[in-house]
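Written below as structure tokens is the structure these notes are about.
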Amino acid sequence: MDSSTYEARLGLALEDLSKQAIPNFLATSKRFQVNRITLVRRFKGTQRNRHVAHSETQQSLSIAQEETLIRFINNLTERSLPPTSQIVHNCAEELAKKPLGKNWVGKFVKRHKDQLHAVYLRTIDNQRVKADFIPNLEAYYKLVSPIYIYIIYNIKFN
């Protein structure tokens, strides 16, 4: 079962419960096909969804701080000043008020790649890395340069 659709159904069930004068957890859980115990705990506020709980306990930035950082990155990109990884890292450390790991920016970009518009934060394509390999470029120019010199020489003196 897809967790996003389950969370959506759970949200609808919670909304329906809040409109009821006397909450009927069993009927609501059956109607929206969600776990009754989870529904009761969420309604009473003793349990949160996994994303929010993970954000508060494991992540360096809260969800609100991450959204602020995303808006900052996209704002700079719209001004034609896309931030580098180091700029993002420094801003995130300012928000978190603690040092972050060296791979934090890469994981952040991977988590939010659909929301970010910055060009510099994307990794280079593997085929481009192979194409920019110096020994390959040197071999190419060693093969091409005698032909190029021959063509230029014939054009000038003929």
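A short reminder: the numbers here are calculations on the coordinates, not readings from a lab. Bear in mind the structure is a predicted one, so any value in this text is a computation, not a measurement. Here Cβ is always computed from backbone atoms with ideal geometry, including for glycine, and neighbour counts include all displayed protein chains.
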Output ³J(HN,Hα) for region 17-32: one whole-Hz value per residue in order, computed from phi by the Karplus curve 6.51 cos²θ - 1.76 cosθ + 1.60 with θ = phi - 60°, and x for Gly and Pro. 4, 5, 7, 7, 5, 10, x, 10, 5, 5, 5, 5, 5, 5, 5, 9
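What FRET efficiency do you get for Ser85 and Leu137 if R0 is 22 Å and r is their Cβ-Cβ distance, rounded to the nearest 0.05? Display every interim value, and only then the final one.
On the way: r = 26 Å, r/R0 = 1.17.
Calculated value: 0.30.
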Projected onto the charge dipole of region 60-111 (unit charges on the beta-carbon of Lys, Arg, Asp and Glu, signs +1, +1, -1, -1), the Cα from Gln86, Asn103, Leu76 with the largest positive-side position is that of Asn103
What is the spread of the Cα atoms of region 60-111 along each of their three principal axes, largest first, in whole Å? 28, 21, 20
Relative contact order of region 3-47, defined on C-alpha pairs under 8 angstrom at six or more residues apart (%): 37
